[in-house]
1. Which whole-Hz ³J(HN,Hα) couplings does segment 228-235 yield from phi under the Karplus relation 6.51 cos²θ - 1.76 cosθ + 1.60, θ = phi - 60°, glycine and proline marked x?
2. Of Lys105/Lys271; Lys193/Lys263; Lys58/Lys182; Lys66/Lys271; Lys193/Lys249; Lys182/Lys272, which pairs sit farther than 19 Å apart, going by alpha carbon to alpha carbon?
3. Roughly how large, in nm² to one decimal, is the mean projection of the convex hull of the alpha-carbon atoms in segment 1-74?
4. How much length is gained on full extension from Ser70 to Ala275, taking 0.36 nm per residue of separation minus their Cα-Cα distance?
5. Taking θ as phi - 60°, what are the ³J(HN,Hα) couplings along segment 102-118 by the Karplus curve (6.51, -1.76, 1.60), each to the nearest whole Hz, with x for Gly and Pro?
6. Residues with amide H under 5 Å of Gln252's amide H, sequence separation 5 or more or different chain, H placed in the peptide plane at 1.01 Å from N; which?
7. From the phi angles alone, apply the Karplus equation (6.51, -1.76, 1.60; θ = phi - 60°) to segment 20-37 and give each ³J(HN,Hα) in whole Hz, x where the residue is Gly or Pro.
8. By the gyration tensor of its Cα atoms, with a ≥ b ≥ c the square roots of the eigenvalues, what is the shape of segment 1-139: rounded for a/c under 1.5, prolate for a/b over b/c, or oblate?
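FYI, it's all coordinate maths here, none of it is from the lab. Source: prediction; values computed, not measured.
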Amino acid sequence: LDLETLPSVLSFRSTNIPRTMQSGMAVLSALYPSTALGNLPYIPLHTMDFSLDNMEVKETVCPAVKSATSAHWLSWPRQAEMLKHCRNIDHKHTYRDGNSNDVAKCHTFLTHVLDCMMSRMCPTVPFSDRNTTIPSYFSAQDWKPFREFWDLVDQSQWSRFNSMVEVGGMSSFVEEIFTQAKLAASGNSATTKFVFWSGHDTGPMEPLYAAFGLRTEAPYWPPFASMLVLEFWGKQDGSTVARWISNGKVEQGPMPWEAFSQKAQSIIAQKKNCAHRTASVGEGGYWMRTPVLVATVLGSSLFGAVLTWCILTQWRSSLQAVSTTVAAEKLGRSNSPLE
């Protein structure tokens, strides 16, 4: 590898958050050890202003998200249940005594509470005293309240992302993926062989689950250290097939390229619902590139609650294999609330 040929081999983008950048560096340090880097002095890391990063659902990217979020929570059938939990657990009294009926704010608070508890409970996360630090509010009746709480937060998060996909909340990022996928599937010599994104459970991982229908039953929240892979295979008859793989399990496919393309384009078409979009926002992929020079030794240390997300996009070998990978998430979260 060298800086001149690197763009045809590898592209690396992360949200502008230290833990996601570090997670990406750790993955790349395993894929490209120093012996494989040749004359390459560093691997460029691209970021953009976090407020405009399309890996997550944001009203700054798709203005319709703001009104759609309000409308979604007004119609959410379990809002009374959510507010009850907020009032019971919030020691800042934000929700107690009917002081707040802000369901959106309550939802955000509950996701943070669940995230905090999972980082203490999951055996793959180094934390001392584990379950003994969880409030007794959740552990009563053989943890029945916690299981109900998990279901509530998981379902509320999933329903929200499905609603946001409908108004175009993920259209910009799916368009970015689709642009790369088309080049890969066509065998274009200009295709970057490996495209890598590092982000979060809340974007792009779970929103992509919702957009492409990659989850049919709970739990929907991505486990720690999840990886979502989209592969394209060129067949001997010249056609291309695709499949989604999540944490080693095939979720969809193999499917004809046309089926994947139709689904992706239907998601991209939802951007018309974004309304009042700022000129050029999201058009053509990256809005801003901030190259960060990553040392050849790419920082392989991962800390307790690392958020990572990646897409390993496209290669074509002598066997005509083409691959696009989309991956993500926190180091250590389990699928099951009590595993």
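1. Running phi through 6.51 cos²θ - 1.76 cosθ + 1.60 with θ = phi - 60° gives 10, 10, 10, 9, 10, 10, x, 8 Hz.
2. Check vs 19 Å cut-off fails for Lys105/Lys271; Lys193/Lys263; Lys58/Lys182; Lys193/Lys249; Lys182/Lys272.
3. Spelled out: convex hull of the Cα atoms, projected over all directions, averaged, 6.6 nm².
4. 72.2 nm
5. Whole-Hz 3J(HN,Hα) from phi for segment 102-118: 7, 5, 4, 5, 4, 4, 4, 4, 5, 5, 5, 4, 5, 4, 5, 5, 5.
6. Close amide H contacts, sequence-distant or interchain: Trp244.
7. Running phi through 6.51 cos²θ - 1.76 cosθ + 1.60 with θ = phi - 60° gives 6, 5, 5, 4, x, 4, 5, 5, 5, 5, 7, 6, 10, x, 4, 5, 8, 7 Hz.
8. It is oblate, given that a/c is not under 1.5 and a/b is not larger than b/c.
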